[in-house]
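The values are calculated or read from the model by the stated rules, or taken from the named source; none is laboratory data. Given the structure is predicted, the values throughout are model-derived calculations rather than measurements. Ideal geometry is used to build each Cβ from the backbone, glycine not excepted, and the neighbour counts take in all protein chains shown. For accessibility, only protein heavy atoms count, side chains too; no ligands or nucleic acids. Shrake-Rupley method; radii C 1.70, N 1.55, O 1.52, S 1.80 Å.
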Amino acid sequence: MTTSPVERAADQFVTALAHWRVERGMSKKQLAARMGFDPSYVSHVEGRRHKPTEDFARRAEAVLGAGGVIWQRFQEYDELRHARGTTLHRDPPVPVQWLPPGTGLIVEQEVAELRYEDGLYRCRVRRNLYNAGAEPVTRYLVKIAVDRYPHDPSGSNRHHRDHPLTFEEMALVAVAGEGDATEAMQWRVKLDRDAAKEVWLLFANEKGQFPLYPGERTVIEYSYTVGVEKWGQWFQRAIRLPTRRLTVRLDFPNGFDPQVWGVETSLAAEVPVRTPLERLDSVDRAIFEWSTDSPQLNARYRLEWRFRGVGAPSYAEFAPAQLNGRPRASRQMRGIGIVQRGSDLLRQRARHFQLPREDVAAREAVNALLAALGRLSELHDFDHGVGLSAPQIGRSVAAAVVRLGSSPLVLLNPRVVGESTERDEQYEGCLSFFDYRGLVRRPLRIEVEHARYDGARVITSFDGGMARLVGHEIDHLEGRLYVDRMDAESHLVPAIKSYP
């Protein structure tokens, strides 16, 4: 019995399909499910009861990761099949939402979360990636944009020109993998503008490279922080890669009494999202979640909100907010990312750096503190000096910066090892509740042991106003506020110079 070239080519395709299915340890039913077909479909193709299509061949190649063998066998079969005559028609193109192989990455699931806490928006994005292409993936592009006044483009442009978003304040971090296989991802700047950033997340770190090879899956997660003065009341996701499921989650304080809605935007129209938002309330948080399956490429989904509760930030607050003609100081502090009184972070002992091993992390924390001091100098003139600790900018690490004059003093892992018996009582303020002052008794002289980046320990003596500033910041690193040092009969008084 003889067989035609087309039949032999079909047999070779089926043989390759069955071989790689067994090689990957999958049943016919499992493979069909992974490919998005009816459970019996693979069985029918392997039994020659169904002819393989281009769509089927592409999906099988992508799921099984056969190095192009399955796709090659299908092309050989397809050419022979269509060479027999002109009466047969080729299969229609593969649907846009399924683009393996040779089309790069597929996002099997994305979960994007935005959480408001202590004057900061903390964004975390988690993506399950599958390499449906024919080449290893070594980097992943992330786009980050802010828009303080989305309904006033010119006003927003002016605002961000005067108050640009910086990488220092964002504290961008990224990882790939899960569990014990998690790897830190290095990143490289592609675009750096006032209100927009583009970053390549690299599948590499100081230990080496870990590319995502064709047919492999991984999970990447990246997070960053933006102060409320730079973030408008909206959170948008743009679909730039084939995506199977998208979930967006907003997490706000319940006391803000948030109201949330969603819109889908395209070049043609803007319409409400087609599926409802779900709300889950806890004792002190209100969580809104919205999901969609198979979102269209290039679609944009935007969640917007407004806060109706007392004390919640608003658009007007940083335009700027006014109180009898002058901005309220504590709101300004919150607006530039200073953690405010009431946050648990201010009551935690900061973690000491392991130096010199963590010198890079220590330098990053200090740079973030210096950047925050730069923003502070635009709001107030601190004639009597100013200090800032890492917990006050959302980092629970033992770093602080004190400035009395032009040169800042950097303190790493500081602790007081000696103090004078002579003391005085002065009014102190704190950037974490800047609208009030309180009388605090402190020693006139202290000795502080602190670390250098290379791990060396030094002891420095501070006198007078500098001793008070340094002592105040060391208190922060130990989870203590100046009100804890006030006498029981003392009371906080309004900072009259801050606002009428």
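Suppose we filter S406, S461 for residues that are polar (S, T, N, Q), part of a strand (DSSP E or B) and surrounded by fewer than 21 Cβ atoms within 10 Å (Cβ to Cβ); which single one remains? Spell out how you get there, then give the answer.
Details: S406 fails: part of a strand (DSSP E or B).
Among S406, S461, only S461 is polar (S, T, N, Q), part of a strand (DSSP E or B) and surrounded by fewer than 21 Cβ atoms within 10 Å (Cβ to Cβ).
Consider only pairs whose beta carbons are under 6 Å apart and that are at least six residues apart or on different chains; among these, list those whose first residue lies in the range 439-464 and is small (G, A, S) and whose second residue is part of a strand (DSSP E or B) and open to solvent by less than 90 Å² (accessible area, probe 1.4 Å).
Close Cβ pairs satisfying both conditions: A451/L412; A451/N413; S461/E447.
Being among the aliphatic types (A, V, I, L, M), open to solvent by 30 Å² or more (accessible area, probe 1.4 Å) and under 21 Å from E364 (Cβ atoms) is the filter here; which residues of the range 172-190 pass it? Before the answer, list the steps.
So in the range 172-190, the residues among the aliphatic types (A, V, I, L, M) come out as 172-176, 181, 184-185, 189.
Okay, now just the ones that are also open to solvent by 30 Å² or more (accessible area, probe 1.4 Å), so 173, 175, 181, 184, 189.
Within the range 172-190, V173, V175, A184, V189 qualify.
Here are H384, H380: which of them is within 19 Å of V470 (Cα to Cα) and open to solvent by 30 Å² or more (accessible area, probe 1.4 Å)? First the steps, then the outcome.
Numbers: H380 fails: within 19 Å of V470 (Cα to Cα).
Answer to the selection: H384.
Restricting to the range 1-47, name every residue that is small (G, A, S) and in contact with a Phe, Trp or Tyr (Cβ under 8 Å, 6 or more places away or on another chain). Working first, answer last.
First pass over the range 1-47, keeping only residues small (G, A, S): 4, 9-10, 16, 18, 25, 27, 32-33, 36, 40, 43, 47.
Listed by number, the residues that qualify are A9, A10, A32, G36.
Based on what the data block shows, is E473 of a type outside the set (F, W, Y), within 32 Å of the chain's Cα centre (by Cα) and either surrounded by 20 or more Cβ atoms within 10 Å (Cβ to Cβ) or in a strand (DSSP E or B) (or both)?
Numbers: of a type outside the set (F, W, Y): yes; within 32 Å of the chain's Cα centre (by Cα): yes; either surrounded by 20 or more Cβ atoms within 10 Å (Cβ to Cβ) or in a strand (DSSP E or B) (or both): yes.
Yes; evaluated as a whole, the condition is true for this residue.
Condition first: over 24 Å from the mean Cα position of the chain (by Cα) and open to solvent by less than 60 Å² (accessible area, probe 1.4 Å). Now tell me which residues in the range 333-377 satisfy that.
L355, L376, S377
Restricting to helices (runs of 4 or more DSSP H) lying wholly in the range 1-103: which have 2 or more residues that are modelled with pLDDT of 80 or more and farther than 26 Å from D293 by Cβ?
Values: elements: 5-23, 28-35, 41-46, 54-64, 69-83.
Counting at least 2 such residues, we get 5-23, 41-46, 69-83.
Pairs please, first residue from the range 279-308 and closer than 15 Å to R115 by Cα, second anywhere and of a type in the set (S, T, Y) and assigned to a strand (DSSP E or B), Cβ atoms under 8 Å, 6+ apart in sequence or on different chains.
E289/T247; W290/T247; W290/Y301
To keep it simple, each residue is scored yes or no on (1) of a type in the set (S, T, N, Q); (2) closer than 19 Å to I459 by Cα; (3) in contact (Cβ under 8 Å) with a residue 60 or more places away in the chain; (4) in contact with a Cys (Cβ under 8 Å, 6 or more places away or on another chain).
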| residue | (1), (2), (3), (4) |
| --- | --- |
| D381 | no, no, no, no |
| G385 | no, no, yes, no |
| G394 | no, no, yes, no |
| S406 | yes, no, no, no |
| V410 | no, yes, no, no |
| V417 | no, yes, no, no |
| T421 | yes, yes, no, no |
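Take the range 289-306 and flag every residue that is in contact with a strand residue (DSSP E or B) (Cβ under 7 Å, 6 or more places away or on another chain) and of a type in the set (S, T, Y). Outline the logic, then answer.
If we filter the range 289-306 for residues that are in contact with a strand residue (DSSP E or B) (Cβ under 7 Å, 6 or more places away or on another chain), which is where we start, we get 289-293, 295, 299-306.
If the condition is that a residue be in contact with a strand residue (DSSP E or B) (Cβ under 7 Å, 6 or more places away or on another chain) and of a type in the set (S, T, Y), then S291, T292, Y301 are the ones that fit.
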